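Below you'll find the structure, written out as structure tokens, and then a few comments.
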Amino acid sequence: MKWILSFLMGFTFLVSTNAQEYSVSGYIKDGNNGETLIGATAFIPELGKGITSNEYGFYSLTLEAGNYSIEFSYLGFDTEKREINLNQNIQLDIELGLNANELEEIVVTAEAEDNNVTDVQMSVEKLDIQTIKSMPALLGEVEIIRSLQLLPGVTSVGEGATGFNVRGGSIDQNLVLLDEAPVYNSSHLFGFFSVFNPDAVKDVKLYKGGIPARYGGRLASILDVRMKEGNNKNLEVNGGIGLIFSRLSVEAPLIKDKASFIVAARRSYIDVLAGPFLNEDFDDTVLNFYDLTLKSNYNINERNRIFLSGYFGRDNFGFGNAAGFNWGNSTGTLRWNHLFSQKLFSNITLFYSDYDYKIAFGDDAVNRFDWKASIENVSIKPELTYFFNPNNIIRFGGQAIVYTFKPGAAVGVSEGEISDISLDNKYAIESGVYVENEQNFDSGLKLNYGLRLSAFNYTGKGRSYTFEDTEPGQRKIPTGFEDFDQWESIQKYARLEPRLSVTYPLSSESSLKASYNRTAQYIHLISNTTASTPVDVWAPSSANIRPSMADQVALGYFQNFKENTYELSTEIYYKNMSDLVDYVDNADLLLNEFLEGDLAAGKGRAYGLEVQLKKKKGQYSGWMSYTLSRSERLVEGINNDDWYAARFDQTHNFSLTNFYDLNDRWEFSANFVYLTGTPATFPTSRYEISEYIVPHNSENTRNNLRIPAYHRLDLSATLKGKKKSNKDKWVGDWVFSVYNVYSKRNPFAIFFKQADAENFIQGGVIPTEAQRLSVVGNFIPSVSYNFKFQ
């Protein structure tokens, strides 16, 4: 870090002036509950300059000595004005009150009204948690991941698929962060619900492109989810009761205005409701998921604040004593905010993250099978932000992550004979340092430029195999191996990742933006299915698996209308990817000691057009999104060495999201989505052997056809409760929703089935038919009751 500090000292000297300068800094908070506000604005009208608060609500302005007025604002809150005589450094914390005129109307973003045009970032989606709560939801449960899929460039292959896809990337190319700790499986109940409890979420931001240098580790996107700190003024209880699960959160001050906490829990009870209807063979059936989210914070003094947060969630599926499996995430984050001065803000993060799954078959000790696997990591991440002046914010820092991959501790017992087919653990260390500057010019031009240097060290204890060269697309055979001691280096990689974002104003209501980013990914999800299964395996880059790389460029036009009521965003992008992990035909991915021999490295490209038109406020609000895109792969030896569509390629992606406030009691919303069907590999010929059909792809093509298009309509109505008096602390809302209103049987997959013997003539042609697998085939009504006590 010494070279970064030296750079800052030199930079400060070069741009310093003779005029005396001082800083005004502090935290901008919600006056109702003490929560810090991310992206609030501190603006100096006399200079026409300002700054936004960071992820911890902190702002800092360095100005020449003098008298100034400062306007503090945040959408949905009253603007606060302060007059200051800046003749010394000033600590000025601000609490904003809610704007009574906007309390009853839905606002589809919590950013500044003209942020779409003026902000240096592009390809960034931010949804306010109140907007997410107003959307129609499956079984009435507020869903963050599904809400993101209504935005341009974000897709899913359908119900029953875990995760999400961003601009032609696979699900493992998204870095999902919960209070800065990575979450490796963001889904509950086979992808229908996410792991994020909406009552504990404060901020949701998705970076699709123009990714700042402070983020790294994945190719496609960064989903940064920030948890609430907890009400530090009063006791607050939120919750909801639904048809199959309920949730409850409690937040309160530990020391008023100084320390607070929040505890949020959810649990489904499908198994409890179904219990009376199951026969005795399934008396011990377990079908549920739960999660627990916790966070506390303590203001030590004006310069120091600490945060401690954690998440613990699990899905459990057991069918009596005969079989069962479960999986879950655990995270823990400790953060320390420290102010070295009014201009230098620091945060140090320590986190632990674990994703594991367990599978068991057999109900006795004589015949059974048990499999456990996990990926664990611990990390330290120091970050500093230097608010040099209103035109320059310099960020620098680093990160080190230690990985432990446990691909499988598997033991089978057959007639009392034990067979241990476990795989050895693998270890790796990933590190990175970065520096970036956000710079504004008097002309209105804005830049964010930076450089990230990342490195990866695949280490022992372990065995590294060498494989013989074979025909491309064919399984490679191991020819030798070498054993390594604990933490002995097996393979090292290093990559430079430049980042750049540019905003150029065309007028006060329009701008052009461009961005470029290079990203590197050193760990890979080994899975050849899009279905939500718990047996996905993560693998590190090694001597036989190179890190994946991506270069993305994007260009956008942004326009606001009618005093920022309407917002238009148009972006085009092109992404080039290399060393993507793919699989040879008939690859064996599970509990395979020689897995690397079944993997293939390929190229990828993704390009598209994204358009979004948004009405941000008023009695009617919402947005329309459309994406025209392609995502393709090229792997030597696969698909006759030609480009082919990725499994999650969807040419057209259209969504319409609507909100309507009828009056102060009734609120309505509707979603409609249409997506091109995803590619799949279908047979092009067949063999008939003894009246049995054997499908065959004689053309050796991959993803040669598409399943039918996906479309769905959801509706929701909310009856909002009202306090009978100011002393009434309980407010409850009834939410009525219908998912998949017109009962569309959207296919998740198509497979082919041979007709029964009695349905064809002996000696004649054996008929076959295509079968549609639909995860949801009917409309799903629901009713839930949400409440708040404060």
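The values are calculated or read from the model by the stated rules, or taken from the named source; none is laboratory data. Quick caveat, the model's predicted, so the values are computed rather than measured. When we count neighbours, we look across all protein chains shown, and the Cβ atoms used for this are built from the backbone with ideal geometry, even at glycine. To get the accessible areas, we keep the full protein, side chains included, count just its heavy atoms, and leave off ligands, DNA and RNA. Shrake-Rupley method; radii C 1.70, N 1.55, O 1.52, S 1.80 Å.
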**Fill in**
Expected sort for 482-488, 177-183, 60-66 on mean C-beta neighbours within 10 Å, highest first, is 177-183, 60-66, 482-488
**Message:** What's the magnitude of the charge dipole for segment 106-209 around its Cα centre, counting Lys and Arg as +1 and Asp and Glu as -1 at the beta-carbon? Answer in Debye, nearest 20.
**Reply:** 260
**Message:** Given a 1.4 angstrom probe, what's the average accessible area per residue across the chain, in square angstrom?
**Reply:** 42
**Complete:** If amide H atoms are modeled at 1.01 Å from N in the peptide plane, then the residues at a separation of 5 or more from residue 775, or on another chain, having amide H under 5 Å from its own are 748
**Message:** So for the chain, averaging the separation of alpha carbon pairs under 8 Å that are six or more residues apart and normalising by length, what relative contact order in percent results?
**Reply:** 11
**Contour excess over end-to-end distance, with Cα ends at residue 651 and residue 441 and 0.36 nm allotted per residue** = 71.7 nm
**Prompt:** Based on the Kirkwood radius over alpha-carbon pairs, what value in µm²/s does the Stokes-Einstein equation return for the translational diffusion coefficient of segment 460-544 at 37 °C and 0.692 mPa s?
**Reply:** 185
**Item:** Between segment 478-551 and segment 334-378, the alpha-carbon center distance in angstrom
**Value:** 20
**Message:** Based on Cα coordinates alone, diagonalise the gyration tensor for segment 272-414, multiply each eigenvalue by 5, take square roots, and list the semi-axes in whole Å, largest first.
**Reply:** 47, 19, 10
**Cα pair distances in the chain, grouped into 20 Å bins until the bin that holds the longest one, percent each** = 14, 48, 31, 6, 0
**Item:** Of 586, 561, 523, farthest towards positive along the dipole that unit charges on Lys, Arg, Asp, Glu beta carbons give segment 495-606
**Value:** 561
**Prompt:** So which chymotrypsin sites (Phe, Trp or Tyr not before Pro) in segment 318-348 are both in a DSSP loop and have at most 15 other Cβ atoms within 10 Å of their Cβ?
**Reply:** 340
**Prompt:** What number, in percent, do you get for the relative contact order of segment 321-410 if the mean sequence gap of Cα pairs under 8 Å and at least 6 apart is divided by its residue count?
**Reply:** 27
**the chain - percent of accessible surface contributed by carbon and sulfur, probe 1.4 Å** = 56
**Message:** With Kirkwood's inverse mean 1/r over C-alpha pairs for Rh, give me the Rg to Rh ratio of segment 593-670, two decimals please.
**Reply:** 1.30
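Any idea what the dipole of segment 430-558 comes to, in debye rounded to 20, about its Cα centre with Lys/Arg Cβ at +1 and Asp/Glu Cβ at -1?
Around 120 debye, computed over segment 430-558.
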**Approximate spin-label separation residue 787-residue 369, in nm, with each point projected 7 Å along Cα-to-Cβ** = 4.7
**Fill in**
Sequence order, segment 246-257: Karplus ³J(HN,Hα) from phi using 6.51 cos²θ - 1.76 cosθ + 1.60, θ = phi - 60°, Hz rounded, Gly and Pro as x, gives 9, 9, 8, 9, 10, 9, 6, x, 8, 10, 3, 6
**Fill in**
Shape descriptors of segment 419-458 over alpha-carbon atoms, Rg and Dmax in angstrom, are 21.0, 72
**Prompt:** Considering every pair of different Cα atoms, what Kirkwood radius, in Å, is found for segment 86-220?
**Reply:** 17.0
**Degrees, to the nearest 10: 2-15 long Cα axis against longest axis of the chain** = 40
**Net lengthening on full extension, residue 734/residue 93 (0.36 nm per residue, minus Cα-Cα)** = 227.0 nm
**Request:** List the GluC sites (Glu not before Pro) within segment 544-646 that fall in a DSSP loop (any state other than H, G, I, E or B) and whose Cβ has at most 10 other Cβ atoms within 10 Å.
**Result:** 563
**Complete:** The value for segment 210-361 (convex hull of the alpha-carbon atoms, volume per residue, Å³) is 164
**Asked** Taking the Cα-to-Cβ direction at residue 348 and at residue 779 and moving 7 Å from each Cα, how far apart do the two end points lie in nm?
**Response** 5.8
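Please report, in debye to the nearest 20, how large the charge dipole of the chain is about its Cα centre when each Lys and Arg carries +1 at its beta carbon and each Asp and Glu carries -1 there. Could the numbers behind the result be given before it?
On the way: 74 positive and 96 negative charges, 406 e Å.
Result for the chain is approximately 1960 debye, rounded to the nearest 20.
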**Asked** Out of 212, 711, 45, whose Cα points farthest toward the positive end of the dipole of the chain (charges: +1 Lys, Arg; -1 Asp, Glu; placed on Cβ)?
**Response** 45
**Complete:** One finds, for residue 258 and residue 685 with R0 = 56 angstrom and r their Cβ-Cβ distance, a FRET efficiency to the nearest 0.05 of 0.15
**Request:** Return the ratio Rg/(2.2 N^0.38 Å) for segment 665-790, where Rg is computed over Cα atoms only.
**Result:** 1.80
**Request:** Two decimals is fine: what's Rg over Rh for segment 349-474, C-alpha atoms, Kirkwood radius as Rh?
**Result:** 1.24
